[in-house]
Amino acid sequence: MSTAAGHGEHTSRAGARQLVSSGVRDRLDRPMRDLRISVTDRCNFRCVYCMPKTVFGRDYAFLDRNELLSFEEIERICRVSAAHGVRKIRLTGGEPLLRKGIEELIERLAALRTPEGEPLEIALTTNGSALATKATALKAAGLTRVTVSIDSLDDELFQSINDVRFPVARVLAGIDAAHEAGLGPIKLNMVVKRGVNDGEIVEMASHFKDSPFTLRFIEYMDVGTTNGWSLDEVVPSAEVIARISAVHPLEQIAPVVTGEVAKRWRYRDGGGEIGVISSVTNAFCGTCNRARISTEGKLFTCLFASEGHDLRALLRGGADDDELAAAMASIWGARDDRYSEIRSELTPGLRQARNRIEMSYIGG
Ligand code: SAM
Ligand code: SF4
Ligand code: SF4
């Protein structure tokens, strides 16, 4: 745990024990700022690039309820993470809005404070299918903002990508409901896969230009082992920018926060901005400050890690907050992951034969 900071002292504040940590740093001097938690491995969509029916079919064994982290367990991990430097928590999945009682979890997380006494940002990434009904309750529970995945506006194409015939109009209604509920500024994620929805790039950009929403184009990644990834299917962000710019001229703008994964571009005519996330063609490991917790409580220090660290075993084995804090500091302190950078250094097209985790298991 070479560079991990000290922790374990506690003071009393309003009767509650407060862990004190000066923040953890990994071996490449990266802090832990962003915590992504997968709250369910289930999903009502079967997006072809994420949970293809051939793998996630009727017989697929999803986790039992007692295997999932409980809300108490998630809250404890988040409290300790906040002491270690985390400022933003993102709930993901699977489809996080399928987790029963998600509003109660959000309430608990919204009550947490940083060592400076500030609330954390609580965000959620969703396929949008349940937003129209849940947006108001999510806001009331304390959710700060949502990111909605939407890969096409063409209903036929959208339905074929989610592969459960879910209409795009219902997702668009969910996005509007979230906006009205105050869950903005809302980001929209479009995963671009060549030959599938790259024909929709300009259409999507035009549709959300001059709207309150920021559309982000994500390079299709080689996560997991079930999506049959090939480099030919990746549309480099530079190509996305060129295609949009030919119709609506764009200019790049500076990032707002360190570790921001999306590169920001704005329309020269003042029509708002877009983002591109170039996980394949322009790795951003150098500033990566994300920790991920899988559905059953494993801490992953990289989206492409093959093994996680079992925090659930610690929690269920009776570890107190100090022990949990020490374990997390030690794991983060030993972190030296830079998978995407290494992949870029290798010959393009070379696929690593590793046992990687699935996106639906770890979340986005
Ligand atoms: N179900 C929610 C949703 O779709 O927004 C949350 C979980 S999903 C795994 C999180 C994000 O990961 C989504 O925006 C999805 O499009 C993206 N994603 C899934 N597989 C991907 C892949 N192979 N490459 C890039 N993004 C991917
Ligand atoms: Fe479900 Fe999200 Fe994966 Fe699509 S991308 S299958 S909505 S978890
Ligand atoms: Fe972070 Fe790993 Fe992605 Fe690099 S490959 S940006 S270390 S999650």
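Which residues, taken from segment 71-92, are of a type in the set (D, E, K, R) and either farther than 17 Å from Thr295 by Cα or not in a strand (DSSP E or B) (or both)?
Glu72, Glu73, Glu75, Arg76, Arg79, Arg87, Lys88
If you check Val256, Val247, Val235, which single one turns out to be crowded, with 21+ Cβ neighbours inside 10 Å, more than 16 Å from the chain's Cα centre (by Cα) and away from ligand 3 (no atom under 16 Å from the Cβ)?
Checking each option against the conditions leaves just Val235.
What is the residue count in segment 271-288 for residues that are at pLDDT 95 or above and in a loop (DSSP other than H, G, I, E, B)?
Matching residues across segment 271-288 total 2.
Which one of the conditions (1) part of a loop (DSSP other than H, G, I, E, B); (2) within 19 Å of Arg46 (Cα to Cα); (3) in contact with a helix residue (DSSP H, G or I) (Cβ under 7 Å, 6 or more places away or on another chain) does Leu183 fail to meet, given that it meets all the rest?
So Leu183 meets the others, but not (2).
Out of Gly85, Gly128, report the one residue that is at pLDDT 95 or above and farther than 27 Å from Cys285 by Cα.
Details: Gly85 fails: farther than 27 Å from Cys285 by Cα.
That would be Gly128, the only listed residue that is at pLDDT 95 or above and farther than 27 Å from Cys285 by Cα.
Write out, first by first residue and then by second, each pair whose Cβ atoms fall under 7 Å of each other, whose residues are 6+ apart or on separate chains, and whose first residue, in segment 299-316, is closer than 23 Å to Arg338 by Cβ and in a loop (DSSP other than H, G, I, E, B) while the second is β-branched (Val, Ile, Thr) and away from ligand 2 (no atom under 16 Å from the Cβ).
Hits for this filter: Thr301/Ile331.
Specify the residue that is farthest from ligand 3 (Cβ to nearest atom); the eligible residues are those in segment 38-59 that are under 22 Å from the mean Cα position of the chain (by Cα) and among the polar types (S, T, N, Q).
Here the residue is Asn44.
So that you can scan it fast, the table gives a plain yes or no per residue for (1) touching a strand residue (DSSP E or B) at 6+ places or on another chain (Cβ under 8 Å); (2) more than 30 Å from Ser211 (Cα to Cα); (3) without any contact (Cβ under 8 Å) to a residue 40 or more places away in the chain:
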{"residue": "Val235", "(1), (2), (3)": "yes, no, no"}
{"residue": "Ala238", "(1), (2), (3)": "no, no, no"}
{"residue": "Asp269", "(1), (2), (3)": "no, no, yes"}
{"residue": "Gly275", "(1), (2), (3)": "yes, no, no"}
{"residue": "Thr295", "(1), (2), (3)": "yes, yes, no"}
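Residue by residue through segment 168-216, note down the ones that are in contact with a Pro (Cβ under 9 Å, 6 or more places away or on another chain) and surrounded by fewer than 18 Cβ atoms within 10 Å (Cβ to Cβ).
Gly184, Pro185, Pro212
Looking at Leu188, Leu215, Leu183, which one is within 16 Å of Leu124 (Cβ to Cβ) and more than 16 Å from ligand 2 (Cβ to nearest atom)?
Result of the check over Leu188, Leu215, Leu183: Leu183.
Only one residue in Leu153, Leu124 is assigned to a strand (DSSP E or B) and either more than 14 Å from ligand 2 (Cβ to nearest atom) or in contact with a Lys or Arg (Cβ under 8 Å, 6 or more places away or on another chain) (or both). Which one?
Matching residue, one of Leu153, Leu124: Leu124.
Failed condition for Asp163, given (1) under 20 Å from the mean Cα position of the chain (by Cα); (2) in contact (Cβ under 8 Å) with a residue 60 or more places away in the chain, with all others met?
Unmet for Asp163, out of (1) under 20 Å from the mean Cα position of the chain (by Cα); (2) in contact (Cβ under 8 Å) with a residue 60 or more places away in the chain: (1).
Here's the yes/no breakdown for (1) assigned to a strand (DSSP E or B); (2) within 16 Å of ligand 3 (Cβ to nearest atom):
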| site | (1), (2) |
| --- | --- |
| Leu28 | no, yes |
| Arg36 | yes, yes |
| Ala61 | no, no |
| Asn66 | no, no |
| Leu69 | no, no |
| Gly94 | no, no |
| Lys100 | no, no |
| Glu104 | no, no |
| Glu116 | no, no |
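Take Arg316 and decide whether it is over 23 Å from Gly94 (Cα atoms) and buried (at least 21 other Cβ atoms within 10 Å of the Cβ).
It is false that Arg316 is over 23 Å from Gly94 (Cα atoms) and buried (at least 21 other Cβ atoms within 10 Å of the Cβ).
Consider segment 71-95. How many of its residues are touching a Ser or Thr at 6+ places or on another chain (Cβ under 7 Å) and buried (at least 21 other Cβ atoms within 10 Å of the Cβ)?
Residues that pass the stated criteria total 8.
The values are calculated or read from the model by the stated rules, or taken from the named source; none is laboratory data. It should be emphasised that the depicted structure is a prediction, and the values quoted were computed from it without experimental measurement. Every residue, glycine among them, receives a Cβ derived from its backbone with ideal geometry; neighbour counts consider all protein chains shown.
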